[in-house]
Amino acid sequence: MNKHQYFPESLMMSYGYKPELSEGALKPPVFQTSTFVFKTAEEGKAFFELAYGLRAKEQNEELGLIYSRINNPNLEILENRLCLWDEADDCAVFESGMSAISTVLLEFLKPGDVVLYSSPVYGGTDHFIHHLLPKIGVEGIGFKPSQSKAEIIEVMEQSGKADRVALIYIETPANPTNALIDINCCKEIAEYFSTADKAVKVAVDNTYMGPLWSHPLKHGADIVIYSATKYIGGHSDLIAGAVLGNAETMLRVKTLRTFLGNMASPHTCWLLLRSLETLKVRMEQQMRNAEKVAHFLDQHPKVEKVYYLGLLKEESAAYKIYKRQYTAPGAMISFDICGGEKEAFQFLNNLKMFKLAVSLGSTEGLAQHPATMTHAGVDPTSKKEMGVTEKLIRLSIGIEHFEDIIWDIGQALEKVSAIDIANKKTTYNQVFMPKTASLKEVRIAEMV
């Protein structure tokens, strides 16, 4: 019989862990220790030679346990399992998503370099690019999702800084607009600016899709970044980040992590191992709920526009990117409410089941106002160009029953002040309600 190839969701239960090494414990214990005992001085020497890159690994040799700033069983098991989803050579887990992002930017950029980045990006990333990198002589130049490969190259060449491009950093889908960036196109741009002495790398923040719905390494990315706080953690009870890539790239990332000391703790890794076991079922339920919510919002008279991958028009360029790069539309929805900040705040303040909080990807529904919250520090002109306006609201859809989710959104929209809805007369009842609607669905339709 041929050897069976397990799916990642099956391997999340046991991959990389040997119970016999931990007194037969079914699940990995928390290895709450700072240091590890060497059997001999010769073994300690060998471990440090590998850890500091003083020699190459021998065949089948692995780095032994030294010190929890370098490695730890919980950290190693977690990194091994995360590699399975993206089919990466190696993974590095960090104490936060921003730790992961900042470590990548610091490792692959040096004074005088330019980072070419997509806009919008997460507010913390935007701040790091515009306020911290300039302090070490690194400049950020942004491009929009609507710009073509030729236009981006032309902008760089006209800037006189084309020879300084060292890294292309993209976030796709973008936070909070769900704008899509063509990863393969970015790889071609990176190759265009690469030289014999310098290979321009492409880093992709894949947080919005988690490791389930998109695998950027398969589309030309060199580095994949996650805020593991979000879908990977999934329970709003930890902070973590992750970076994945090939062996050569990850050696650089892990080496810098060792000396910055920003790896995740054993307990955080243990919690993430727990979360990986339910990752697929959680994310699939969130996506099914999001599809229903998006269609409801799209037909609501107090909603101006919905930003959701499942609503992309087939004739659009974004739809072509979506079909090529993603396997599902995800569970993040943003929408423009009719009105502005006043109406957005009225909606947010009247939600009952949704929690008014930042972050995303957790089991509970979360709602927030990007312009004044996650993207508050972004330059006002840039925010407007990104589409992060006062009327934009972001929803992270949870695993609650979709009827309850829609009821909550509907009742909150009902409390928004009367506004001009002349162009949005189609009702939820006409478009979305199934023929065999439940009593709760009838109440929802009447309410809106």
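Nothing in this text is a laboratory measurement; each read-out follows from the coordinates by a stated rule. Given the structure is predicted, the values throughout are model-derived calculations rather than measurements. Cβ coordinates were reconstructed from backbone atoms using ideal geometry, including for glycine residues, and neighbour counts include every protein chain displayed.
Any chance you could check the Cα centroid distance between segment 287-324 and segment 140-156 for me, in angstrom?
Value for the Cα centre distance between the two parts: 25 Å.
Net charge near D90: determine it from the other residues with C-beta under 13 Å of the C-beta of D90, scoring Lys and Arg +1 and Asp and Glu -1. Provide the component values of the computation, followed by the final result.
Details: positive: K57, R81, R252, K254, R257; negative: E62, E76, E79, D86, E87, D89, D222, E248.
Local charge sum for D90: -3.
Based only on Cα atoms, what mean projected area does the convex hull of segment 284-370 have, in nm²? Each step should come with its number before you reach the end.
Working: hull surface 25.3 nm².
Reported value for the Cα convex hull: 6.3 nm².
Please list 168-180, 45-57, 145-157 highest first by mean number of surrounding beta-carbon atoms within 10 Å per residue.
Numbers: 168-180: 25.2, 45-57: 13.2, 145-157: 15.1.
Final packing ranking: 168-180, 145-157, 45-57.
Rank the residues C186, C338 as a footprinting-exposure proxy: fewest other Cβ atoms within 10 Å of their Cβ go first.
Details: C186 27, C338 20.
Ascending number of Cβ neighbours within 10 Å: C338, C186.
Please work out the ratio of the alpha-carbon Rg of segment 231-362 to 2.2 N^0.38 Å and round it to two decimals. Intermediate values should be presented prior to the final figure.
Details: Rg = 18.9 Å, N = 132, 2.2 N^0.38 = 14.1 Å.
Compactness ratio reported: 1.34.
What is the P(r) of the chain, as percent of Cα-Cα pairs per 10 Å bin from 0?
4, 20, 29, 24, 15, 6, 2, 0
What does the helix-only formula give at 222 nm for the chain: each DSSP H stretch with n ≥ 4 adding -39500 (n - 2.57), the total divided by the residues, and the result rounded to the nearest 500 deg cm²/dmol? Provide the component values of the computation, followed by the final result.
Working: 17 runs with 168 residues, N = 448.
Here the helix-only value at 222 nm equals -11000 deg cm²/dmol.
GNM, the chain, Cα, under 10 Å: largest mean-square fluctuation among S316, S99, S236?
Between S316, S99, S236, it is S316 that shows the largest mean-square fluctuation.
What is the sum of charges, Lys and Arg at +1 and Asp and Glu at -1, for the other residues whose Cβ falls under 9 Å from the Cβ of M353?
-2
Mind checking segment 289-368 for GluC sites (Glu not before Pro) that DSSP puts in a loop (not H, G, I, E or B) and that have at most 12 other Cβ atoms within 10 Å? Walk me through the numbers before you get to the answer.
Values: sites: E291, E304, E314, E315, E341, E343, E364; in loops: E314, E315, E364.
Sparse-neighbourhood loop GluC sites (Glu not before Pro): E314, E315.
If each residue's Cβ is checked for other Cβ atoms within 10 Å, how do S159, S396, S359 rank with the fewest at the top? Please list the in-between numbers first.
Numbers: S159 13, S396 25, S359 17.
Taking fewest neighbouring Cβ atoms as first place, the list is S159, S359, S396.
Rounded to the nearest angstrom and ordered from largest down, what semi-axes does the equivalent ellipsoid of segment 90-264 get from its C-alpha gyration tensor (root of 5λ)? Kindly include the intermediate steps, with their values, before the conclusion.
On the way: eigenvalues 116, 66, 46 Å².
So the three semi-axes of segment 90-264 are 24, 18, 15 Å.
Rounded to a whole number, what is D in µm²/s for segment 265-326 from Stokes-Einstein with the Kirkwood radius over alpha-carbon pairs (10 °C, 1.306 mPa s)? Let's see the in-between values first.
Values: Rh = 14.3 Å.
Estimated diffusion coefficient is 111 µm²/s.
Which one of N350, N60, N74 has the biggest mean-square fluctuation once the chain is modelled by GNM with Cα springs under 10 Å?
Highest fluctuation among the options: N60.
Counting other beta carbons within 10 Å of each Cβ, put H215, H375 in order, fewest first. Walk me through the intermediate numbers first.
Numbers: H215 22, H375 26.
Going from sparsest to densest Cβ surroundings: H215, H375.
Among D163, D336, D113, determine the one that fluctuates most according to a GNM of the chain built with springs between C-alpha atoms less than 10 Å apart.
D163
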